[in-house]
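The values are calculated or read from the model by the stated rules, or taken from the named source; none is laboratory data. Small disclaimer: the values here were computed from a predicted structure and weren't measured. Cβ placement follows ideal geometry from the backbone for every residue including glycine, while neighbour counts extend to all protein chains displayed. SASA here: full protein model, heavy atoms, side chains in, ligands and nucleic acids out. Shrake-Rupley method; radii C 1.70, N 1.55, O 1.52, S 1.80 Å.
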Amino acid sequence: MEKKVLVNEERCKSCGLCVAVCPKHVLKISEKLNSKGYHPVELFDNENCISCGFCYLICPDASIIEIRRPEPVKR
Amino acid sequence: MKTVYKKPEPITNRPTTYCPGCPHGIAHRLVAELLEEMNLTSETVIVWPVGCSVFGYYFIGTDAVEAAHGRACAMATGMKRTHPESFVITYQGDGDLASIGIAETVHAAVRGEKITVVYVNNGNYGMTGGQMAPTTLIGQKTTTSPYGRDPKLTGFPMHVPEMLATLEATAYIARASLDSPQHIIQAKKFLKKAFNAQVNGIGFSLVEMISSCPTNWKMTPVAAMERIRNEVLPVFPIGEFKVAEGVE
Amino acid sequence: MGEKTLMKGAEVIAEAAMRAGCMAFFGYPITPQNEVPEYFSRQMPKLGRVFLQAGSEVAAINMVYGAACTGTRVITTSSSPGISLMQEGFSYIANSDVPCVVVNAMRGGPGLGDIAPAQADYFQAVKGGGHGDYHSIVIAPYTLQEEADLMFDAFDLADKYRIMVVVLVDGLMGQMMEPVEFKEWVDVKKFKTPDWATVGQRDRDHRNIITSLEILAEGLEKMNFHLQEKYKIIEKNEVRFEEYKMDDAEYAITAFGTIARIAKTVVNMARDEGIKLGLIRPITLWPFPTKLIEKRAEQLKFFFDSELNAGQMLEDVKLAVNGRKPVYFYGKLGGIVPSAEDIYAEFKKHIKGDR
């Protein structure tokens, strides 16, 4: 499945605000390093993400660049 | 997959110079989202202040000018009066607006200048290293109130929206907070009304956005947001203080 | 050119500015120039142009700054204490490369001083006043007719060089009445928004940012070099002065504005007594007619500088003369205007020893 939270890792400053507001605890600060020396945030549990967009809303650096929601499955 | 949120176009590709967790970036994004949604980007001029957001024009991609400290509302007046077709925003901090620029701000409001003020209040002078501002809370320690702000010496926190709401020519005056997703959604609603007040030519509009300053408060970004809820909002309550007729 | 009108100096400023295409006035009341904003407040609305009384001179100059950033012909007028308050804005305007016109009807200082005519803001106008390395073009008319003509030049120069132009007069110039013939109205419909103006990007292929800020020292040095280059061109092209009976002169009075009017009488008094006195009257105080004075130093026995201050332009005259000939000075302070007889008597004190 495609990622529901798209992160621009270069913009992230690992402030952790998104991790703190995520109601489903699907985000974490990664072990990676960007060119500024910050550890960018990472969506580690795409399946349980509910695309609420809280992370996007609180992100001060527009590093959460897009939130996507799966189309409802037609029965 | 359907896109629910997307980084607005007016936010430039240049990463901001703000400290990690600084809510200035949230306020920038709200401005940019509304410029895009309301199709205002190409007619907008933003008057940037002196303070942490002094480089704001690198982060929101509109025509822009850089005002002297506190003079944004006067500069915006000169632009709007000579070019009423421009959409003119000032973006100012609490030191810039409430201290050195209070006269320019009050008189722009008195005259009902058709400009929109985005007023970001983090209770101290961030850029210069965390000195006391007119908005600093009682007892709050800053680099120039090392024993805590003492009202006997420096008075009480300044409530700008409450003051401006008493002026007849103001169209929309509100206070929002940037501490949580819920409050950020509300902040955008308030800001949209403020933008509309200008678009519809009603009068002066201002939205105060309660912000944090993790670096100078010496807190983590998350703890600083909690401090807003626990300590700042009880002194600076969220709400709409003036909604003139015709503001949607 | 139309017919002659008898008008007060302050109103001449406003009328000429409007004719020159001034689209906006922002200012704050201060004596002795209140007739300027009052005239603007009556006429600008009729023309569909902007008149706004600001909350202070600090606000007024920043409104001017804002309007200037949109490429609009804009003016503010004030007097010495008000001009002091505006210095912050002048400095920002200088490093932003935006055009505007400022009129200073100088009064006696320092501090609140008085409301009588003075020329004690020469240093402030010519040497900067605000912070940083910058110049404004400074023009000093000496009759109301010249004032009426120079207002047009002030706006043209401001636009041509994207610079602030100061029209430096004094309370006397503002209050006196003289017949004036105005130039024709400039067709403002021909004005186009300049490519650099901040009015919203619209169809432009780039966005405009007007700022005096450059945090990197190398970048700021570059901005300063740009200003200095501009100033060099202005110094080369825009020096203006008047000479009166200088061809055979052995002595010269140097004076500007009001005092230059009196100095002309002094020249004639001297000539009546067979003394070969002439007048050098700088019209632009910056750029200063340095080369002219340098040249005249060869033929003259001495210079006699007279001003309504303690000797300000005197320094520029001395720099130009560079020690080759004596430069004497006579000034009145606090708003007192000397008579031609006073100046002549002072001048003759020096000539005695000389003969």
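On association of chains B and C, roughly 2600 Å² of accessible area becomes buried (total for both chains; probe 1.4 Å).
Solvent-accessible surface of protein heavy atoms, probed at 1.4 angstrom with all chains present, puts A:TYR38, C:TYR39 in the order A:TYR38, C:TYR39, largest first. Pair-distance distribution P(r) for the range B:24-242, from all Cα-Cα distances in 5 Å bins starting at 0: 1, 8, 16, 21, 22, 16, 10, 4, 2, 0 percent. What net charge do the residues around B:ALA76 carry, taking every other residue with its C-beta under 15 Å from that of B:ALA76, with Lys and Arg at +1 and Asp and Glu at -1? Result for the local shell: -2. With both labels modelled 7 Å from their Cα along Cα-to-Cβ, the C:GLU250 to C:ARG202 distance reads 6.6 nm.
Between B:GLU9 and A:GLU47, the simple spin-label model (points 7 angstrom out along Cα→Cβ) gives 3.9 nm. Magnitude of the charge dipole for the range C:34-176, about its Cα centre and with charges confined to Cβ atoms of Lys, Arg (+1) and Asp, Glu (-1), is about 340 debye. Phi angles of the range B:48-54 translate, via the Karplus equation with coefficients 6.51, -1.76, 1.60 and θ = phi - 60°, into HN-Hα couplings of 8, x, 9, x, 4, 8, 4 Hz per residue; Gly and Pro are given as x. The H on the amide N of C:ARG107, modeled in the peptide plane, is under 5 Å from the matching H of C:SER80, C:ALA118, each at least 5 residues off or on a different chain. Angle of helix C:80-96 to the longest C-alpha principal axis of chain C, folded into 0 to 90 degrees and rounded to 10: 60°. The residues packed around B:ASN121, meaning those with a beta-carbon under 9 Å from its beta-carbon, carry a net charge of -1 if Lys and Arg are +1 and Asp and Glu are -1. Taking the accessible area of chain B, probe 1.4 Å, and keeping the other protein chains in place, the carbon and sulfur fraction comes to 56%. Counted residue by residue at 0.36 nm each, then reduced by the alpha carbon distance between them, the extension gain from C:PHE225 to C:LYS127 reaches 33.5 nm. Measuring only protein heavy atoms, the 1.4 Å probe finds B:HIS69 accessible over about 50 Å².
Rounded to the nearest 500, the helix-only mean residue ellipticity at 222 nm of chain C stands at -12500 deg cm²/dmol, with each DSSP H run of n ≥ 4 adding -39,500 (n - 2.57).
Considering every alpha-carbon pair of the range B:81-207, the percent of pairs per 5 Å bin, from zero through the bin containing the longest distance, is 2, 11, 19, 21, 18, 14, 9, 4, 2, 0.
Using R0 = 25 Å, the C-beta based FRET efficiency linking C:THR31 and C:MET177 works out to 0.90.
Let me test this: with uniform point scatterers at the alpha carbons of the range B:77-152, what is the Debye-based log₁₀ I(q)/I(0) at q = 0.28 1/Å? Once normalised to I(0) and log-transformed, intensities are -1.24. Axis of helix C:57-69 versus longest Cα principal axis of chain C: the two differ by about 60°, to the nearest ten degrees. A dipole drawn for the range C:242-354 from +1 and -1 charges on Cβ atoms has a positive end, and of C:LEU308, C:THR265, C:LEU279 the residue lying farthest that way is C:LEU279.
Specify whether the C-alpha gyration tensor of the range C:23-151 places it in the rounded, prolate or oblate class, a ≥ b ≥ c being the square roots of the eigenvalues: rounded for a/c under 1.5, otherwise prolate if a/b is larger than b/c and oblate if not. It comes out rounded by the Cα gyration axes. Measuring how big the protein assembly as shown is from its alpha-carbon positions, Rg and Dmax come out at 29.7, 117 Å.
Relative to the compact-globule estimate of 2.2 N^0.38 Å, the Cα radius of gyration of chain C comes out at 1.01. Sequence-distant contacts, meaning Cα pairs under 8 Å at least 6 residues apart, place the relative contact order of the range A:5-67 at 45 percent. For the listed residue pairs C:LYS192/C:LYS232; C:LYS160/C:LYS264; A:LYS36/C:LYS222; A:LYS3/B:LYS6; A:LYS36/B:LYS188; A:LYS4/A:LYS24, the alpha carbons are over 25 angstrom apart in C:LYS192/C:LYS232; C:LYS160/C:LYS264; A:LYS36/C:LYS222; A:LYS36/B:LYS188. For B:PHE241, the amide hydrogen comes within under 5 Å of the amide hydrogens of B:ILE173, B:ALA174, B:ARG175, counting only partners 5 or more places away or on other chains and with H modelled in the peptide plane.
Solvent-free Debye calculation, one equal scatterer per alpha-carbon of the range A:5-67: log10 I(q)/I(0) at 0.25, 0.28 Å⁻¹ equals -1.03, -1.29. Residues whose amide H falls under 5 Å from that of C:TRP286, counting only those 5 or more places apart or on a different chain, are C:VAL138, with hydrogens built in the peptide plane. Rolling a 1.4 angstrom probe over chain C with all protein chains present gives an accessible area of which 53% lies on carbon and sulfur atoms. Residue-wise HN-Hα couplings along the range B:112-117, as the Karplus relation 6.51 cos²θ - 1.76 cosθ + 1.60 with θ = phi - 60° gives them from phi, are x, 4, 7, 10, 10, 10 Hz; Gly and Pro carry x. Estimated at the nearest 10 Å², the accessible area of B:ILE100 is 70 Å² with a 1.4 Å probe.
Taking Cβ atoms as reference points and 11 Å as the exclusive limit, the residues near C:LYS318 contribute a net charge of -1, counting Lys and Arg as +1 and Asp and Glu as -1. Are there chymotrypsin sites (Phe, Trp or Tyr not before Pro) in the range B:73-146 that DSSP marks as loop and that have at most 15 other Cβ atoms within 10 Å, and which are they? Nothing satisfies the criteria.
In the elastic network of chain C, a GNM with C-alpha springs shorter than 10 Å, the most mobile of C:VAL166, C:VAL186, C:VAL102 is C:VAL186.
Only helical runs count toward this figure. For chain B, summing -39,500 (n - 2.57) over DSSP H runs of n ≥ 4 and dividing by all residues gives -8500 deg cm²/dmol at 222 nm. Scaling against 2.2 N^0.38 Å puts the C-alpha radius of gyration of the range B:24-146 at 1.07. Charges were assigned to the Cβ only: +1 to each Lys and Arg, -1 to each Asp and Glu. The resulting dipole of chain C about its Cα centre is roughly 240 debye. Between B:ASN230 and C:LEU292, the modelled label-to-label distance comes to 7.4 nm, taking each label 7 Å out from Cα in the direction of the beta carbon.
Using a probe of 1.4 Å, the accessible surface attributed to B:HIS107 totals some 80 Å² when neighbouring protein chains are kept in position. Comparing C:ASN224, C:ASN95, C:ASN104 in a Gaussian network model of chain C (Cα springs below 10 Å), the most mobile by mean-square fluctuation is C:ASN224. Per residue, the solvent-accessible area of the protein assembly as shown (1.4 Å probe, heavy atoms of protein chains only, all protein chains present) comes to 39 Å². Spread over its residues, the convex hull of the C-alpha atoms of the range B:157-205 is 60 Å³ per residue. First check a/c for the range C:242-354, with a ≥ b ≥ c the square roots of the eigenvalues of its C-alpha gyration tensor; if it is under 1.5, answer rounded, and if not, answer prolate when a/b is larger than b/c or oblate otherwise. It comes out rounded by the Cα gyration axes. For the range C:46-86, accessible area lost to neighbouring protein chains reaches 50 Å² or more, against the chain alone with a 1.4 Å probe, at C:LEU52, C:ASN62, C:MET63. Each residue of the range C:290-304 was assigned a 3J(HN,Hα) from its phi angle through the Karplus expression (A = 6.51, B = -1.76, C = 1.60, θ = phi - 60°), giving 4, 5, 4, 5, 4, 5, 5, 4, 5, 8, 8, 7, 7, 9, 10 Hz with x at Gly and Pro. Helix C:144-161 and the long axis of chain C differ in direction by around 50°, with both axes built from C-alpha atoms. Across C:GLY27, C:GLY132, C:GLY200, mean-square fluctuation computed from a Gaussian network of chain C (C-alpha pairs under 10 Å connected) peaks at C:GLY200.
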